[in-house]
Amino acid sequence: MSALPVNNIYNMKENSNHHRDRSLIELFQQRWLDVDGEYIPVTTEAELSVKLKKFIRDNSISTAVLGASLSPSIADILIDEVEILADFRSNTHPLRQVLTPDATSKEKAKDTCSRAELGITGIDAFIAETGSMVSISRHTGDRMISSLPPIHLVIALDTPFYRDLDSFFEKAPSDLSFSLITGPSRTADIEKRLVLGAHGPKRVVILSCY
């Protein structure tokens, strides 16, 4: 299979039992669907491009923001499909200033991500038992991109799978913080009825080679 490179900043691939265990992959997929997540399988680099473009067109998406955890190739695929409001991989993009303590820059970044119809990021790990994804703190802008647009699309091409959080933390670096994503945002605060997207994305979609 021809796969695009990804930006995993820590190497947890040496344990193939966690990384490629088919039972963990299938367990994650089932748990992910159980929490209203969406899953689009791909098998080749060419199919990734086709299905990504199809997703954009089928959902009439015109604007997107791209996370720092993505392969540079993703922007190339999307360049003729959507208006890219921000690409956090680009060192020259003005919104890279989100790294500074300047409150004005941070508010500008939040505003831009809020205006986008789609946020696209990579992801650092999958937790099978809970159907959760793990995003690390070092990827610039990924937290805003994954929580502010109404649709969050995750592109996972070489992401390790772990049975549970304990297994993940055995390999994870101790000097970083992590965010867990388990399906779309949900709340039952209003009349005790479950509402998706009240405090985050209404849809979370994984485009994955597994």
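The values are calculated or read from the model by the stated rules, or taken from the named source; none is laboratory data. Only a predicted model underlies this, so the values are computations on that prediction, with no experimental measurement involved. Methodologically, a virtual Cβ is constructed for each residue, glycine included, from the backbone with ideal geometry; neighbour enumeration extends over all protein chains shown.
At a glance:
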{"read-out": "Looking only at region 65-76, and only at residues there that are aliphatic (A, V, I, L, M) and within 14 Å of residue 207 (Cα to Cα), the one that is surrounded by the most Cβ atoms within 10 Å (Cβ to Cβ)", "value": "74"}
{"read-out": "Residue that is at pLDDT below 95 and either closer than 16 Å to residue 24 by Cα or in contact with an Asp or Glu (Cβ under 6 Å, 6 or more places away or on another chain) (or both), where the choices are 165, 194, 176, 180", "value": "165"}
{"read-out": "Single residue of region 1-52 satisfying the filter (at pLDDT 90 or above and of a type in the set (Phe, Trp, Tyr)) that is surrounded by the fewest Cβ atoms within 10 Å (Cβ to Cβ)", "value": "39"}
{"read-out": "All positions within region 68-83 that are out of contact with any His (no Cβ under 6 Å at 6 or more places or on another chain), of a type outside the set (S, T, N, Q) and closer than 20 Å to residue 135 by Cβ", "value": "70, 72, 74, 75"}
{"read-out": "Failed item, numbered, when residue 59 is tested on (1) of a type in the set (S, T, N, Q); (2) over 25 Å from residue 180 (Cα atoms); (3) at pLDDT below 95", "value": "(3)"}
{"read-out": "Failed condition for residue 137, given (1) touching a Leu at 6+ places or on another chain (Cβ under 9 Å); (2) modelled with pLDDT of 90 or more", "value": "(2)"}
{"read-out": "Subset tally (residues that are free of Cβ contacts under 8 Å to residues at least 60 places away in the same chain, of a type in the set (Gly, Ala, Ser) and buried (at least 24 other Cβ atoms within 10 Å of the Cβ)) for region 113-131", "value": "1"}
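Each row is one residue, and each column tells you yes or no for (1) touching a helix residue (DSSP H, G or I) at 6+ places or on another chain (Cβ under 8 Å); (2) of a type in the set (Lys, Arg); (3) part of a loop (DSSP other than H, G, I, E, B).
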{"residue": "30", "(1), (2), (3)": "no, no, no"}
{"residue": "39", "(1), (2), (3)": "yes, no, no"}
{"residue": "50", "(1), (2), (3)": "no, no, no"}
{"residue": "60", "(1), (2), (3)": "no, no, yes"}
{"residue": "76", "(1), (2), (3)": "no, no, no"}
